[in-house]
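Novice: Mind looking over this structure? Questions follow.
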Amino acid sequence: MNLSDYSRVLPERPSTATCVLAAFCCVLFIFLGCIGNLMTIIALTKCRKLHNATTAFVVSLAVADFLFCAVCLPLTATRYIYKEWILGDELCTLFPFFFYGNVAASLMSMTAITFNRFVLINCYSVYNKIYSRLNVACMIVFCWAFSYLILLPTLTGQWGRFGYNSASFSCTILKNEDGRSPRKFLFSFGFLLPTITIIICYSCIFYKVRSSTMKLLSHSGGENSKRNSRLWPKRREEIRVTFTMLTCFCTFQICFLPLMIMNVFEESIRYPVLHTLASILAWMSACTNSFIYVLLNKHYREAYAQLLCSWKVLNVSRNTSCDGASAASRITQLRTVCDDHVKSSQLSVSNDHAV
């Protein structure tokens, strides 16, 4: 094959403008992702009233996103700055192992969060048995171990290999000497199976929520109605948290699905700019969750605000804290004390008049 034939087969490399855009986005996402995810880890860890199984999985997700922004994106930025992999063969082998393992850990953490919400809402009677501290720790360890163990055959060269692709100047999954590659299996099984599991769980959750709401509305009177009315605020808060996690999952899917499609059908795609844009969209998923938590969940906002107050970044009163007492409860306590004080004053005045 002569050089002209080879150039027709080999896809054209990304243009200089595309590489500049990719490098700029890498730097931007490193800054936003490291700060946002580190704040999430510290804020949720320090907030005592958020110490539960869901928060443990959310912190696991934040750790995965933080490592992605702190380790993977800087190496990716150098690749686009130099339009070449300049960090050696050993790191070229380890980089995709850590990159894809980290993405798998994020998706596994989201799956664990979803199943946690499913058990909490649909099977509440067994929730405390399943989500003990030891079990939660084992689940988190499994999520991370499974994410990297599934890549070991490729790392050892038994099923494909990690190496340098000169067409995209990237370190990725390649065929081994036997022509075998796990690319389609990993992207189909490793991405689609957790996605289908999450979709099924959320469908069951919202079916349960809808049926519970209809049942509550149909029983407008009686003791059961009063009991359901007392439980409804807590259930509504659980639904809000579930909606927040669903938004995180949908955002992850929107960001990562184009890159998954590009990787599966990479040999058929001859426009490198599409692969670069899909990669940029996937990188963005590592720094979006912190913004979602702030926008959609009141308790997470309180945790962030409390952290910023402790860092003296915000100068606001701490009437909303993470020590288990919210602003509403403190206001209620204050009103009760005031009412008691007024009643005692009125009683003393009436006694004085009587005398």
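The values are calculated or read from the model by the stated rules, or taken from the named source; none is laboratory data. What you are looking at is a predicted structure, and each value in this text was computed from that prediction instead of being measured. Methodologically, a virtual Cβ is constructed for each residue, glycine included, from the backbone with ideal geometry; neighbour enumeration extends over all protein chains shown. What goes into the accessible areas is simple: the full protein's heavy atoms, side chains included, and nothing from ligands, DNA or RNA. Shrake-Rupley method; radii C 1.70, N 1.55, O 1.52, S 1.80 Å.
Novice: If each Cα of region 1-131 is one equal point scatterer, what is log10 of I(q)/I(0) from the Debye formula at q = 0.19, 0.21 Å⁻¹?
Specialist: One equal scatterer on each Cα of region 1-131 leads to -1.10, -1.21.
Novice: Please list, ordered by chain and number, the residues whose modelled amide H lies under 5 Å from the amide H of Asn165; skip anything fewer than 5 residues away on the same chain.
Specialist: Ser170, Cys171, Thr172
Novice: A follow-up question, please. List the chymotrypsin sites (Phe, Trp or Tyr not before Pro) in region 248-301 that DSSP assigns to loop (not H, G, I, E or B) and whose Cβ has at most 12 other Cβ atoms within 10 Å. Which are they?
Specialist: Hits after loop and neighbour filter: Phe265.
Novice: At 1.4 Å probe size, with the rest of the protein present, what percent of the exposed accessible area of region 103-185 is carbon and sulfur atoms?
Specialist: The nonpolar share, carbon plus sulfur, comes to 64 percent.
Novice: Go through Asn176, Val136, Pro153 and say which Cα lies farthest out towards the positive end of the charge dipole of region 134-219; charges sit on Cβ, +1 for Lys and Arg, -1 for Asp and Glu.
Specialist: The Cα lying farthest towards the positive end belongs to Val136.
Novice: Also, I was wondering about something else. Tell me the volume per residue, in Å³, of the convex hull enclosing the alpha carbons of region 49-92.
Specialist: Convex hull volume per residue, Cα atoms: 72 Å³.
Novice: Over what distance in Å are the Cα centres of region 96-156 and region 8-70 separated?
Specialist: So the separation of the two Cα centres works out to 18 Å.
Novice: Classify region 61-192 from the C-alpha gyration tensor, please: rounded if a/c falls under 1.5, else prolate or oblate depending on whether a/b exceeds b/c.
Specialist: prolate
Novice: How many nm is it between the label spots at Thr78 and Phe189, if each spot is 7 Å from the Cα in line with the beta carbon?
Specialist: Calculated label separation equals 3.3 nm.
Novice: Considering only DSSP states other than H, G, I, E and B, which trypsin sites (Lys or Arg not before Pro) in region 52-151 qualify as loop sites with at most 14 other Cβ atoms within 10 Å? The partial results should precede the final answer.
Specialist: Details: sites: Arg79, Lys83, Arg117, Lys129, Arg133; in loops: Lys83.
Those that pass, being in a loop and sparsely packed, are Lys83.
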